[in-house]
Amino acid sequence: MIGGKYVHLIVAFTFISMVLLGSVVSAEGNVDDIRIHVRGSDILAQDSTSNYEITLMDPQDRNWAYSVHIDADNITGASPLEIEPIAGNLTSGNDTFSANIGAMSNIGDMVMIINVTSPSGALWYVREFEIKVIEPIVISAEIFNSGDVDIRNATVEFYVDDDLISTDTLAYLPAGGSTKMSSQWVSEEIADGWHTSTVLVDVNDDGITDPGMGDIEINDKFYVEGSNMSATLYIILGITALFFGMVIINGKMSGKKSSSGKKRK
């Protein structure tokens, strides 16, 4: 006979397996020979937007109508909504479309729901794509043009721990002027401790950033404590300024349970 502790382990394993399978297989319909592939991030920052590429794979090359909308417990800020979805038609050779998705304003989970139906309405298929909305860490750089020449269309790259997180363009910055540019670090799991940040401005846009040739490189460090932290880091050339946002610390309760059934202390 299987011991109690092993029964608990089996039940827990079964539950976890169901959850994992449920997160992968999230489709239903009365037709089973089509699939919908979604290309895009499953993690978004609050109030951000992201483009998704959606492809319908149909071996029979039939015509379909599609609609896309967002659903969540709190849909504030999310788009498109069910009352005004993204909609269109798919045909053989035209089976891919783009959907611009807006994240909700609060932290949590939302679902992108993709509906496809046949022209007669007899066939239908629904794919759900789960998106986690988190509060990002914002990195801002105050960029000074200390030269005598205006900066135009310079590439700006944002790095965290030597990993490129985003690329932007500095359209115009007059000689002697300054401007602030920002990027969001969006990651579901951010390790506690110190992180390095680097902002590179390729002033002459030649693909090589060399501070000795007038390009700008801004380096700094910031500290993350606990999980699900939101912070804003301001990096000013020549000045180190760290601003720490709210830190949410997940505490753990601990205690010992004796054989006499005493309460945890």
- Item | Criterion: on the phi < 0 side of the Ramachandran plot and in contact with an Asp or Glu (Cβ under 6 Å, 6 or more places away or on another chain) - qualifying residue of Ser146, Ser197 | Ser197
- Task: For the range 127-150, indicate whether the set of residues that are in contact with a helix residue (DSSP H, G or I) (Cβ under 7 Å, 6 or more places away or on another chain) and assigned by TED's automatic domain parsing to the domain that holds Ser50 is non-empty.
- Result: yes
- Query: List, please: which pairs have Cβ atoms under 6 Å, are six or more places apart or on different chains, and start with a residue in the range 36-50 that is within 18 Å of Gly108 (Cβ to Cβ) and charged (D, E, K, R) and end with one that is at pLDDT 95 or above and surrounded by fewer than 16 Cβ atoms within 10 Å (Cβ to Cβ)?
  - Reply: Asp47/Ser105
- Message: Just to be sure before I move on: is Ile75 within 21 Å of the chain's Cα centre (by Cα) and either under 30 Å from His195 (Cβ atoms) or in the same structural domain as Ser197 (by TED's automatic domain parsing) (or both) in the structure I sent?
- Response: no
- Could you please find all residues in the range 95-120 being surrounded by fewer than 21 Cβ atoms within 10 Å (Cβ to Cβ), within 22 Å of Glu28 (Cα to Cα) and either touching a strand residue (DSSP E or B) at 6+ places or on another chain (Cβ under 9 Å) or not assigned by TED's automatic domain parsing to the domain that holds Ile54 (or both)? Asp95, Thr96, Phe97, Ser98, Asp109, Val111, Ile113, Asn115, Thr117, Ser118, Pro119
- Message: Can you confirm whether Gly3 is modelled with pLDDT of 50 or more and surrounded by 10 or more Cβ atoms within 10 Å (Cβ to Cβ)?
- Response: no
- Task: Considering each of Arg127, Arg152 in turn, give the residue that is out of contact with any Cys (no Cβ under 7 Å at 6 or more places or on another chain), within 30 Å of Asn204 (Cβ to Cβ) and among the basic types (Lys, Arg).
- Result: Arg152
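The values are calculated or read from the model by the stated rules, or taken from the named source; none is laboratory data. Because the structure is predicted, anything quoted here is derived from the model rather than measured. So basically every Cβ, Gly included, is an ideal-geometry build from the backbone, and we count neighbours across all protein chains shown.
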